[in-house]
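The next block holds one structure in the form of structure tokens; read it before the comments.
The values are calculated or read from the model by the stated rules, or taken from the named source; none is laboratory data. Treat the numbers as computed from the prediction; the structure is a model and nothing was measured. In this analysis, Cβ positions are derived from the backbone assuming ideal geometry, glycine residues included, and neighbour counts consider all displayed protein chains. The area values use the complete protein model at the heavy-atom level, side chains included, leaving out ligands, DNA and RNA. Shrake-Rupley method; radii C 1.70, N 1.55, O 1.52, S 1.80 Å.
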Amino acid sequence: TISLDYGQYALRGTGTIGAVDWGLSYYLGHFKTPSITYTSALSTVTSVNLTYDRLQAFGLEGAFALGPWNFRLEGAYYLTDDTAGTDPAVKNNRLAWVAGFDIDLPLHNVNVNLQTQGTYTLGSGFDNPRDVDYNADGYRSDDRVVLKLSDSFNHEKIKPALKAVYGVEHNEYLLNPELEWKVADDLSLKAEGAWFLGGSGGLFDAFKNNDFARLTARYEF
């Protein structure tokens, strides 16, 4: 992978039209996660191959404020080498998006941030277990709704927050409370936890027995 073929290249331009901030972007590189293919004989896997598929991504973004509401939207088209969606060893083209808003409530310093994040895979291959885009449940889409409630106290030195993620297709949940305390200008402490709940087969399924709590300290010098 030590060659220009495995480099990453990107362009991004931004501007403003009226009250709307917009941006266009282009990325040439590879998927961050590999496509996994294998060969087998007599029901035994004989080899496993990991390939980072070539990717071009075309992006569009926008943001605007409407009174106390702040809206944001990002959309992207992922173009791969499997445009027809017929190569089982290469990821298909897909659409991706993030859309949401945030608002400061008239209650202390409470901020509410709500977003939807998702992808929609094009082409075929969902019924072929050897296809890298195979989905046992037949889903082309992968959608999540993300909610964050945050507040601050003592001149923003104490920041509690609660994040919740809902996986639409598999009816799954992630709850992630946290509390950050800036003890001094160069020292901060953070306590947080995570609980994985809901259905099986989705993004959080592998973490169901891995609920955790942790305490971290950060010192800058």
Between segment 1-26 and segment 31-93, what is the C-alpha centre distance in whole Å? 17 Å
Give me the dipole magnitude in Debye, nearest 20, for the chain about the Cα centre, with unit charges on the beta carbon: positive for Lys and Arg, negative for Asp and Glu. 220 debye
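Around LEU122, with a cut-off of 10 angstrom between Cβ atoms, what is the net charge of the other residues, counting Lys and Arg +1 and Asp and Glu -1? Can you show the working numbers first?
Details: positive: ARG94, ARG140; negative: ASP82, ASP133.
Net local charge, LEU122 excluded: 0.
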For P(r) over Cα pairs in 5 Å bins from 0, in percent, the choices are (1) 1, 6, 10, 12, 13, 14, 15, 14, 8, 4, 2, 1, 0, 0; (2) 1, 8, 15, 19, 20, 18, 11, 5, 2, 1, 0; (3) 1, 6, 12, 16, 17, 17, 13, 8, 5, 3, 1, 1, 0, 0, 0; which was calculated from the structure? (1)
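Determine, for each peptide in 166-174, 1-9, the mean count of other beta carbons within 10 angstrom over its residues, then list the peptides with the highest first.
166-174, 1-9
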Which net charge results when you count Lys and Arg as +1 and Asp and Glu as -1 among the other residues whose beta-carbon is under 14 Å from that of GLU178? +4
May I ask for the net charge around ALA63, where only other residues with Cβ less than 14 Å from the Cβ of ALA63 are counted and Lys, Arg are +1 while Asp, Glu are -1? -3
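Can you give the relative contact order of segment 83-221 as a percent, counting alpha carbon pairs under 8 Å and 6+ residues apart? Show your work: numbers first, answer last.
Values: 319 pairs, mean separation 21.6, N = 139.
Rounded, it is 16 percent for segment 83-221.
Using a probe radius of 1.4 Å on heavy atoms only, what accessible surface per residue do you get for segment 79-221? Whole Å² is fine. Intermediate values should be presented prior to the final figure.
On the way: 8630 Å² over 143 residues.
With the other protein chains kept in place, segment 79-221 gives 60 Å² per residue.
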Could you name the lysines in cross-link range of LYS91, using Cα to Cα under 25 Å and dropping any fewer than eight places away on the same chain? LYS32
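Mind checking segment 50-153 for chymotrypsin sites (Phe, Trp or Tyr not before Pro) that DSSP puts in a loop (not H, G, I, E or B) and that have at most 11 other Cβ atoms within 10 Å?
On the way: sites: TYR52, PHE58, PHE64, TRP69, PHE71, TYR77, TYR78, TRP97, PHE101, TYR120, PHE126, TYR134, TYR139, PHE153; in loops: TYR52, PHE126, TYR134, TYR139.
Passing sites in segment 50-153 do not exist.
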